[in-house]
Amino acid sequence: MRVAVEQIINGLTIGSFYALIALGYSMVYGILKLINFVHGDFFTLGSYLGYTILIFAAAFITAHFGLWGGIVCAMLVAALCLALTGLVVERIAYRPIYPAGRLPAVVSALGASIVLQNAIMVIWGPRYQAYPAPMIPNLHLLFFGINITLLQVVILVFSFVLMGILYYIIQKTLFGASVRAMALDRDTASLMGIDFNRVILFIFTLGPALGAVTGVMVGMYYRQISFTMGWNYGLKAFTATILGGIGNIPGAMFGGLLLGVLEMLGAAYISAAWKDVFVFIILILVLIFRPTGIFGETTAEKV
Amino acid sequence: MPLLIAIEDLHITYGAIEALKGVSLSLDEGEIVAVLGANGAGKSTLLNAVSGLVPVARGRIMFRGAPLNNIPPHEIVRMGVSQSPEGRKVFSTLTVDENLDLGAYTQRKHIQATAKAKARVFELFPILRERHRQLAGTLSGGEQQMLAIGRALMSSPRLLLLDEPSLGLAPILVNRIFTIIREINDQGTSILLVEQNARKALSHASRGYILENGSLSISGTAAELKSNSKIQEAYLGGSAIRKRRGTGESPKSP
Ligand SMILES: Nc1ncnc2c1ncn2[C@@H]1O[C@H](COP(=O)(O)OP(=O)(O)OP(=O)(O)O)[C@@H](O)[C@H]1O
Ligand SMILES: [Mg+2]
């Protein structure tokens, strides 16, 4: 029982990583019907930027704002840089290609992913980098015999707050309704006076920024980052996106959390070495039996 | 009455297809003008060109003296032209309220004006008030049509473009929709009305144009058109097609 609860908490932690990354895929797919392969590398780049900030600015920032101040600063800077990167990539890799249709755009996305990944390798080197240990809170908490770290609590709370904010924006505000309308039917949304480019601006800044914040959290959680990790996380997050119904914002959140929990339970009770295999078995099963995702048509609002 | 919109020698092409081949028409403020024509004549293309959804290949569209060519659709709405598209196109997984609020998207900073516009829409279509929290996709076809028109009214347009508002509605509902179109016009909104229901359209419009294969063939006042023998034969006659279209969902894709 104790193991199960701990694994569920671990699963929710990595699940919230998947969920936050999945949101980026889902939003872009909803609007452009494009699988934004470069999104995993946005996440990686965010993680490396956070790493660099923590390494170089750690002493200074921490002296002025404390440990948490340093972490928040790393996340903010990484998020801002990635919001900018997202816009630049959209301009260069996608915008000129929209008129050519969806397949060329997917190829362009793959190309952008390769470019970004290699750029990261050139800048930071091909070896693993380690997040600076002194910059990471290291406190274990015990609740009723259940072992959980302070970092996990912070990650979970922060991730849920972020997801809650995004959920609110998308589901409850007029702007969110305009994004959902654009995802449903671009022409009719334009007839409402909604500016397509505003929606593009939103998804290509917010998605990468969320990815960057997640990258920093992953760096703190696992300590080690590599320039290829975007592929692995990207693939998991994409699976989560499919699980929840691609294009569906609440679905992406739920899919990510579910995937994390399943992965961790599988690792604990079946085989840790095969945990990635479960993920893809789940993906294949969903694709076979429920291709529209768990939330199916009923709530499948393609954002 | 001053000129509201003037379309001059409008050409629209889709790849190799020439959908409009030099169409010129005008509409004065306060008018209802009908554009009639068979399937594929180019009626929707005309409205979509005014709304900025399809690029103009040649010719001009002047709205209150300013050109609409090359202005993006969302700006055109802001300038006072809104469209209720063919086939309703309500946002099915959004609520009725959300659909209406999006109709006023360009007016979102003017909260009071938006509230007034909404009250007016609810007055015209009381059923929408009852259903305001329902998902638009769960409305009946007639209710969806009302929502589509109501949504287009939310921006308080000067010019309302209606693309086949009676399409697929039962006769009794057709009458109601036309009564409401008249009411909207009486309240000061000019209307460019695309219809296949020529009889109804001409009994509410002041003038009409007949579009055939991308060109205007006949134009005139509603009375002239109604008494024109060619039109009587082609558009007002026995019309088995009209009856089929009037009773159910049209199988035609948009
Ligand atoms: N997006 C498009 N791509 C290519 N051809 C198009 C497109 N839209 C319309 N057309 C063609 O342009 C012509 C005019 O179409 P349009 O939809 O304007 O006709 P319509 O008069 O509205 O017909 P209906 O009464 O059936 O709605 C048709 O031949 C149609 O096939
Ligand atoms: Mg049409």
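The values are calculated or read from the model by the stated rules, or taken from the named source; none is laboratory data. This one's a predicted model, so the numbers in the text were calculated from it and none came from an experiment. Quick reminder, even Gly has a Cβ in these numbers, built from the backbone with ideal geometry, and neighbours come from all protein chains shown. Surface areas here come from the heavy atoms of the whole protein model, side chains and all, with no ligands, DNA or RNA. Shrake-Rupley method; radii C 1.70, N 1.55, O 1.52, S 1.80 Å.
What FRET efficiency would be calculated for the residue pair B:ARG58, B:GLU123, taking the C-beta separation as r and a Förster radius of 51 Å, to the nearest 0.05? Mind showing how you got there, number by number?
On the way: r = 42 Å, r/R0 = 0.83.
Computed FRET efficiency for B:ARG58 and B:GLU123 comes out at 0.75.
Go ahead and collect, in residue order, the members of the stretch A:153-168 whose backbone nitrogen is under 17 Å from a label point 7 Å along the Cα-Cβ direction of A:VAL5.
A:153
Between B:GLU29 and B:ARG182, what is the label-point separation in nm under the 7 Å Cα-to-beta-carbon projection?
2.5
Could you pull the Cα extents of the protein assembly as shown along its three principal axes, largest to smallest, in whole Å?
The Cα atoms of the protein assembly as shown stretch 89, 45, 44 Å along their principal axes.
For the B and A pair, go ahead and give the buried accessible area with a 1.4 Å probe, both sides summed, in Å² to 100. It would help to have the intermediate numbers written out before the result.
Values: alone 11880 and 13740 Å², together 23730 Å².
It comes to approximately 1900 Å² buried between B and A.
Could you work out [θ]222 nm for chain A from helices alone, using -39500 (n - 2.57) per DSSP H run of at least four and dividing by all its residues? Round to the nearest 500 deg cm²/dmol.
Numbers: 11 runs with 228 residues, N = 303.
Using -39500 (n - 2.57) per qualifying helix, the result is -26000 deg cm²/dmol.
Quick one: dipole size for the protein assembly as shown, taken about the Cα centre, charges +1 on Lys/Arg Cβ and -1 on Asp/Glu Cβ, in debye to the nearest 20.
On the way: 45 positive and 33 negative charges, 60 e Å.
That gives a dipole near 300 debye.
When each pair of different Cα atoms in the stretch B:91-156 is counted once in the 1/r mean, what is the Kirkwood radius in angstroms, to one decimal? Present the calculation step by step, with values, prior to reporting the outcome.
Numbers: mean 1/r = 0.0883 Å⁻¹.
About 11.3 Å, per the Kirkwood formula over Cα pairs.
With the contact rule set at Cα under 8 Å and sequence spacing of 6 or more, what percent relative contact order holds for the stretch B:1-138? Intermediate values should be presented prior to the final figure.
On the way: 177 pairs, mean separation 28.3, N = 138.
Relative contact order, the stretch B:1-138: 20 percent.
Along Cα→Cβ, 7 Å out, is where each label goes; now give me the distance between the ones at B:ASN175 and B:SER92 in nm to one decimal.
3.1
Take the residue pairs B:LYS43/B:LYS109; A:LYS172/B:LYS116; A:LYS33/B:LYS21; B:LYS21/B:LYS118; B:LYS43/B:LYS226 and return only those whose Cα atoms are more than 28 Å apart. Walk me through the numbers on the way to the answer.
Numbers: B:LYS43/B:LYS109 34 Å; A:LYS172/B:LYS116 21 Å; A:LYS33/B:LYS21 34 Å; B:LYS21/B:LYS118 39 Å; B:LYS43/B:LYS226 19 Å.
Flagged as over cut-off: B:LYS43/B:LYS109; A:LYS33/B:LYS21; B:LYS21/B:LYS118.
Would you kindly calculate the mean projected area, averaged across all directions, of the convex hull enclosing the Cα atoms of chain A, in square nanometres? Write down the numbers at each step before the final one.
Values: hull surface 65.7 nm².
For chain A, averaging the hull's shadow over all directions gives 16.4 nm².
Work out the FRET efficiency for B:GLU18 and A:LEU103 from their Cβ-Cβ distance, taking R0 = 30 Å, and round it to the nearest 0.05. If you can, show how the numbers build up before the last one.
Details: r = 28 Å, r/R0 = 0.94.
With R0 = 30 Å, the Cβ-Cβ based efficiency is 0.60.
Identify, among A:LEU283, A:TYR48, A:PRO104, the residue whose Cα sits farthest towards the positive end of the charge dipole of chain A, taking +1 on the Cβ of Lys and Arg and -1 on the Cβ of Asp and Glu, with the dipole about the Cα centre.
It is A:PRO104, whose Cα lies furthest towards the positive end.
When the accessible area of chain A is split by element with a 1.4 Å probe, what percent falls to carbon and sulfur?
Numbers: 9370 of 12770 Å².
Solvent-exposed carbon and sulfur of chain A make up 73 percent of the total.
Which percentage, to the nearest 5, of the DSSP beta bridges contained in the protein assembly as shown is antiparallel? It would help to have the intermediate numbers written out before the result.
On the way: 29 of 48 bridges.
In the protein assembly as shown, approximately 60 percent of DSSP beta bridges are antiparallel ones.
Using r as the Cβ-Cβ distance of A:PHE289 and B:SER140, and R0 as 30 Å, what FRET efficiency do you calculate, to the nearest 0.05?
Working: r = 33 Å, r/R0 = 1.09.
According to the calculation, E is roughly 0.35.
Once the piece of chain linking A:ARG198 and A:LYS172 is laid out straight, how much longer is it, given 0.36 nm per residue of separation minus the C-alpha distance between them? It would help to have the intermediate numbers written out before the result.
Details: separation 26, 0.36 × 26 = 9.36 nm, distance 1.79 nm.
The A:ARG198-A:LYS172 span can extend by a further 7.6 nm.
Give me the 1.4 Å probe accessible area per residue for the protein assembly as shown, excluding ligands and nucleic acids, in Å².
On the way: 23730 Å² over 557 residues.
On a per-residue basis, the protein assembly as shown sits at 43 Å².
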